[in-house]
Amino acid sequence: MSSDPLEIPDVLKPIENLLKGVMIMKPGRIVALLEPGDVVKAYAALKARYGETGLYFSTLVATDLKDEGKIRIDYYINVLEKNQYVVLRTYVPRDDPRIESLLKEAPAALPGECEAYDLLGVVFEGNPHLRRAFFVPEEVAEKGIFPLRKDAGV
Amino acid sequence: MTEEVSKADKVVEIPMTVEIPVGPQHPAVHEPILIKVYAEGEYVVKAEAYTGYNHRGVEKLAEKKTFYQDIFLCGRVCGICNTVHADCYVRALEHILNKEPPPRAKYLRTLAMELERLHSHMLILAVTAEIVGFDTLFMHMMRDRELIMKAKEIVTGNRVLADYIMVGGVRRDLNSEKIDKLKKILTKVEPRIRYYWRVFEEDVTLNKRLVEVGRLTPAQVTSHGLLGPVARASGVATDSRYHDAYDAYAEVPFRIVTRKEGDCMARSLVRFEEMQVSLEICRYILNHLPEGEAVPDERRLPRRFPEGEAFTTVEAPRGELTYYVMSKGGVNPYRVKIRTPSYNNIINTVPFYVGHMIADVPAILASYDPCISCMERVVVIDLRKGIRKKVSMRDLAKGEA
């Protein structure tokens with residue numbers, strides 16, 4: 001992965017003022033580092049620029065970075081107009097992982113948010129559909145275990 | 001009797017809303033998911049999805065196994081489209097390793113994945129026919145699908161689970177004899193696909209059940225992240241083969257098939273046209289297979305992986321499949337995230353059942369891939385006061401109506 005904070009790719013111009021850094025993930029995905037509070041704003045700005053049918057929300061990846069005490073949340077967005085994948089990357093504290101839900105801007109985020117809550121315990125504020133045992137078996141969910149956390153012991 | 005009627009002060013109409021659980025085991029559902037459909041009369045007023053019946057913890061398991069063992073694990077995420085899963089995962093590993101497979105291997109991977117698209121599309125189109133009551137068409141299509149399964153066996157060594165893709169190449173190469181056999185199978189199967197295509201276009205029953213049913217607009221497709229033939233049937237030209245041009249798709253000529261109608265029939269016809277495109281791709285590959293090695297020496301592959309991360313996509317038969325692999329060095333991945341196309345296409349389309357007839361639900365579900373009832377609410381009409389009110393069965397049982 002390379003880091004070049006000086007050059008902002010064209011595709012990220014609409015969210016230039018929100019960026020905390022830009023990186024490239026293989027193969028050629030543009031990663032925009034953002035504050036957790038800016039993710040919804042950034043998605044809304046991209047949608048305003050490229051239009052509702054000019055991009056779609058593809059994948060939400062939450063990763064437990066236990067050693068750093070953080071949970072990383074990546075939002076993968078395919079900007080059809082530019083034929084370019086953009087990753088909105090942000091970090092939330094591991095002991096209280098909370099972030100605003102993207103549902104009102106992108107209904108496509110529903111299964112990703114529900115899964116990240118069920119498997120990693122990330123709370124997406126404003127998502128009324130969050131519940132345990134979305135994917136995880138009930139006996140695991142009842143014990144309060146989030147299986148994809150590195151210290152879950154499963 | 002007349003006296004009794006005149007004494008009555010209430011009429012109870014039941015049922016008004018029927019809860020119909022579609023799944024987790026249902027003839028129209030190929031994967032265990034429960035879609036609860038609430039119906040008033042014949043029309044759906046609400047739908048909910050319940051998942052988790054078959055969560056196997058593959059992502060957690062992938063963290064415990066080595067990078068190479070995970071190739072076989074990823075191939076077992078889906079029985080139908082196992083080659084695309086393995087390809088997507090292996091390409092992520094190759095990006096982390098900075099390794100490029102030889103051209104011949106890229107062409108062979110593409111060939112195996114296009115054969116997979118052919119048999120997957122034939123399966124879902126056959127199932128669509130079965131769900132709308134055309135069982136004969138289902139049987140015929142499944143018979144001819146076996147030809148494609150045979151072709152896949154010739155290429156990969158196995159008709160279902162291929163385990164064909166490996167880091168830096170593929171496991172088996174093709175010789176001229178096998179190429180001739182494959183060409184013969186393609187020649188045999190093409191007129192059959194054209195015939196079934198015509199049946200879908202012309203058959204009265206199929207048209208009545210599929211045309212103008214389950215219509216999706218382009219804005220609904222993009223806002224809900226719908227993928228593959230579902231998106232393309234609503235005019236959204238999204239195709240990972242074009243976006244990412246992975247494997248041989250940068251060199252092999254192909255076109256993105258789109259339609260504007262956005263209904264169940266459009267989704268079926270997109271699949272038929274894509275089968276035509278797949279046949280053309282297969283033929284092109286068999287005629288233009290580059291010379292050189294395709295099978296790498298497994299003993300020379302590195303055991304330990306460097307630090308790095310990669311996000312790869314493939315156009316699986318059902319739409320864009322994505323893999324995120326993160327390595328912190330060593331022999332095990334730190335994180336593997338798999339996002340399958342059905343994950344978006346099935347869960348996110350649940351609100352779109354509202355307003356359709358119950359009988360259309362399996363057809364719609366089959367077009368992006370549904371039981372029996374327990375009544376929930378009743379309407380109580382107070383004849384003296386002329387008031388209609390809805391009450392729950394629980395309240396009715398308590399005598400509060």
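Could you please state how large a percent of the accessible area of chain A is carbon and sulfur, counting protein chains only and using a 1.4 Å probe?
Answer for chain A: carbon and sulfur cover 49 percent of the accessible area.
Roughly how big is the A-B contact, given as buried accessible area in Å² (both sides, 1.4 Å probe, nearest 100)?
In total, chains A and B hide about 3700 Å² from solvent.
Quick one: net charge of residue B:242's neighbours, Cβ under 10 Å, K/R +1, D/E -1?
Local net charge: -1.
Which semi-axis lengths, in whole Å and largest first, follow from the square roots of five times the eigenvalues of the Cα gyration tensor of chain A?
Semi-axes from the Cα gyration tensor: 28, 17, 13 Å.
In the neighborhood of residue B:233, defined by Cβ-to-Cβ distances under 12 Å, what is the net charge if each Lys or Arg adds +1 and each Asp or Glu adds -1?
+2
On average, how much accessible surface per residue is there in the protein assembly as shown, in Å², for a 1.4 Å probe, leaving out ligands, DNA and RNA?
41 Å²
Quick one: with all protein chains in place, what share of the accessible area of the range B:153-217 is carbon or sulfur, to the nearest percent (1.4 Å probe)?
The value for the range B:153-217 is 48 percent carbon and sulfur by accessible area.
List the GluC sites (Glu not before Pro) within the range A:39-130 that DSSP assigns to loop and that have no more than 16 neighbouring Cβ atoms inside 10 Å.
Those that pass, being in a loop and sparsely packed, are A:52, A:81.
For the charge dipole of chain B, defined by +1 on Lys and Arg C-beta atoms and -1 on Asp and Glu C-beta atoms about the Cα centroid, which residue among B:332, B:342, B:115 has the Cα displaced farthest towards the positive pole?
Among B:332, B:342, B:115, the one farthest towards the positive end of the dipole of chain B is B:332.
When 1/r is averaged over all different Cα pairs and the result inverted, which Kirkwood radius in Å belongs to the protein assembly as shown?
The Cα-based Kirkwood calculation yields 25.1 Å.
Where the convex hull is taken over the Cα atoms of the range B:192-275, what is its projected area averaged over directions, in nm²?
If I average the Cα hull's projected area over directions, I get 6.0 nm².
With label points built 7 Å along Cα→Cβ from the Cα atoms of residue B:203 and residue B:54, find their separation and express it in nm.
Inter-label distance under the simple model: 2.5 nm.
So which lysines can residue B:178 reach, going by Cα to Cα under 25 Å and dropping same-chain residues fewer than 8 places off?
B:106, B:150, B:152, B:188
Going by the alpha-carbon gyration tensor, a ≥ b ≥ c the square roots of its eigenvalues, is chain B rounded (a/c under 1.5) or, if a/c is not under 1.5, prolate (a/b greater than b/c) versus oblate?
In terms of gyration-tensor shape, prolate.
What does the charge count near residue B:273 come to, summing +1 for each Lys or Arg and -1 for each Asp or Glu among other residues with Cβ under 15 Å from its Cβ?
Result for the neighbourhood of residue B:273: +2.
Compute the accessible area of each residue in the range B:315-337 twice, once for its chain alone and once with every protein chain present, using a 1.4 Å probe on heavy atoms, and list those whose area falls by at least 20 Å².
B:320, B:324, B:326, B:328, B:334, B:335, B:337
Please state the relative contact order of chain A as a whole percent: Cα pairs under 8 Å, 6+ residues apart?
Contact order relative to length: 17 percent.
Counting other Cβ atoms within 10 Å, which chymotrypsin sites (Phe, Trp or Tyr not before Pro) in the range B:251-332 have at most 13 and lie in a DSSP loop?
Answer by residue number: there is no such site.
Could you list the trypsin sites (Lys or Arg not before Pro) in the range B:269-359 that lie in coil according to DSSP, counting only those with at most 12 other Cβ atoms within 10 Å of their Cβ?
Those that pass, being in a loop and sparsely packed, are B:303, B:304.
Take every Cα pair under 8 Å in the range A:72-154 that's 6+ residues apart, average their separations, divide by the length, and report that relative contact order as a whole percent.
With pairs under 8 Å counted, the relative contact order is 20 percent.
Regarding the range A:17-90, what are the three Cα extents along the principal axes, ordered largest first, in Å?
For the range A:17-90, the Cα extents along the three principal axes come out at 39, 27, 19 Å.
Could you rank A:53, A:59 by how accessible they are, 1.4 Å probe, largest area first?
The residues order as A:53, A:59, largest area first.
Helix A:110-120 versus the longest principal axis of chain A: what is the Cα-based angle in degrees, 0 to 90, to the nearest 10?
50 degrees
So how far apart, in nm, are the two label points at residue A:81 and residue B:299 if each is 7 Å from Cα heading toward Cβ?
5.6 nm
Could you tell me which of rounded, prolate or oblate describes the range B:41-134, using a ≥ b ≥ c as the square roots of the eigenvalues of the alpha-carbon gyration tensor, with rounded for a/c under 1.5 and, failing that, prolate when a/b is larger than b/c and oblate otherwise?
oblate
Can you find, among B:61, B:205, B:305, the residue farthest towards the positive end of the dipole of the range B:58-339? Put +1 on the C-beta of Lys and Arg, -1 on that of Asp and Glu.
B:61
The values are calculated or read from the model by the stated rules, or taken from the named source; none is laboratory data. From a predicted model like this one, the values you see are computed outputs, not experimental measurements. As a convention, Cβ positions derive from the backbone with ideal geometry for all residues, glycine included, and neighbour counts pool all protein chains shown. Just so you know, the surface numbers come from the protein's heavy atoms only, side chains and all, with ligands and any DNA or RNA stripped out. Shrake-Rupley method; radii C 1.70, N 1.55, O 1.52, S 1.80 Å.
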